[in-house]
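In what follows, a single structure is set out as structure tokens and then discussed.
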Amino acid sequence: MSARLWRRRAAYSGRWEAARLSPVVLTVLIAGLAFSTPREIAVSRLLPAAPALAAAMWPVLPTILLGAFCLLIMIVLSFFYTDLGTQYTSAAIVAVTLAAAYASHVRHQREEILFQVRLVADAAQKVLLRPLPRRIEDIDIESLYLAAQEQARIGGDFYEAIGTPYGVRLLIGDVRGKGLSAVGAASAVIGCFREAAYDEPDLRGIIHRLETTVTRHSAAFPVPDQPEHFATVLLAEIPYGGGHVRLLNCGHPPPLIAHCGKVRVLEPAVPSPPLNLAALIGDRYWVDMVAFVPGDQLLLYTDGVSETRDHAGQFFPLSDWMRRQGQEQPRELLDQLHRDLLQHSGGRLDDDIAALALRCSTRRIAEASTENRG
């Protein structure tokens, strides 16, 4: 994680800790005004607000203790001002404190349930989107995943990278729809890819197996609000030693490559059908081959990146953004993409986002050259 992201998290934690003290600050402020202002103003009647505020962020016992402290303040005030309606304000403090304690108890139970659900979601995400190796042979790889909903952990976007006997093979895709049905379809595609990537000598063989998997999954788990599952996917294969990359694009947003200081959009020469639509529009798949040499950088992404909108409805200018980037490492590139997407969208994402950044390293090439000279 970058230093800036750590600073943001630390700043958020600091603001939350400050907010937790707000019931105490409110109590002290009301008490100070009650002692320093004329009796006719009756600021003390605001004391029940303190335990009510505490219920939103404190456990049960501290909430009750704060209510008891407010009651004590009211009793002390009654010795100085005899006509404050002490009995009514005290009754209000007791009633609000009991209600606040119950609300705090219910909130704590719901937080515990949410915490357990998040643990399950995190475990599911580690299975679905397991951490990728940061380097396979001479290819540096980094990933980015952002959920559209802040509390979400997993969705229909997915990716994978595997070192196989045929080279480094990568998958990135997006299942139509949201929710558990999309997650199930994404899991089926990734599971099939992890097996087929080792077995199939050609990308077309992999895509045929993925097509069969999605078709079977759609038939076994029909979705009432949509006729069928389908997914856009992009397969990439980089032979060991580099030199080029093979791409098979099935309806997915085209990747970007930074090659010799220039950025290209790698549109497929011939469109290939998304998964589970081959029966409708044909099952002819086309593999493109593009140069990929040491120093080149490849960016794979889902449509949540290119279709991020600003307040005026303008899409994120991904190609122009890529051209403005220097020779950053993949992690730095994705961190910058994360920041710029949030800035462009005003901090609100309307769709899940997944991206892979790959860089052909010169380290292994240099080592191989040294061994050959030796």
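For the range 26-35, what does the Karplus curve 6.51 cos²θ - 1.76 cosθ + 1.60, with θ = phi - 60°, yield as ³J(HN,Hα) per residue in whole Hz, taken in order and with x for Gly and Pro?
Result, ordered by residue: 5, 4, 5, 5, 5, 4, x, 5, 5, 7 Hz.
With the crude spin-label approximation of a point 7 Å out along Cα→Cβ, what separation in nm comes out for Q329 versus L61?
Between Q329 and L61, the label points sit 4.7 nm apart.
Taking 0.36 nm per residue of separation and subtracting the Cα-Cα distance, what length does fully extending Y81 through E137 add?
Separation in residues times 0.36 nm, less the Cα-Cα distance, equals 12.1 nm.
Each label point is 7 Å from the Cα along the Cα-to-Cβ direction; what then is the distance between the points at D288 and L114, in nm?
The answer from the label model is 4.4 nm.
Among 42-55, 104-117, 63-76, how do they line up from the highest to the lowest mean number of other beta-carbon atoms within 10 Å?
In descending order of packing, they fall as 42-55, 63-76, 104-117.
Got a sec to turn the phi values of the range 104-111 into Karplus ³J(HN,Hα) couplings, 6.51 cos²θ - 1.76 cosθ + 1.60 with θ = phi - 60°, whole Hz, x for Gly and Pro?
So the J values, rounded to whole Hz, are 5, 5, 5, 4, 5, 4, 5, 5.
Within the range 278-319, list the residues whose amide N lies under 20 Å from a label point set 7 Å along Cα→Cβ of H244.
Backbone N within reach: 285-299.
What does the extension gain come out to for T212 and R130, with contour length at 0.36 nm per residue minus their alpha carbon separation?
27.2 nm
Cα centroids of the range 28-70 and the range 326-364: how far apart, whole angstrom?
48 Å
Can you run phi through the Karplus equation (6.51, -1.76, 1.60; θ = phi - 60°) for the range 303-320 and list ³J(HN,Hα) in whole Hz, with x for Gly and Pro?
5, x, 6, 6, 9, 5, 10, 8, 5, 8, x, 7, 5, 5, x, 5, 4, 5
Bear in mind that the values in this text are calculations on the coordinates, not laboratory data. The structure displayed is predicted, hence computed values, not measured ones. Methodologically, a virtual Cβ is constructed for each residue, glycine included, from the backbone with ideal geometry; neighbour enumeration extends over all protein chains shown.
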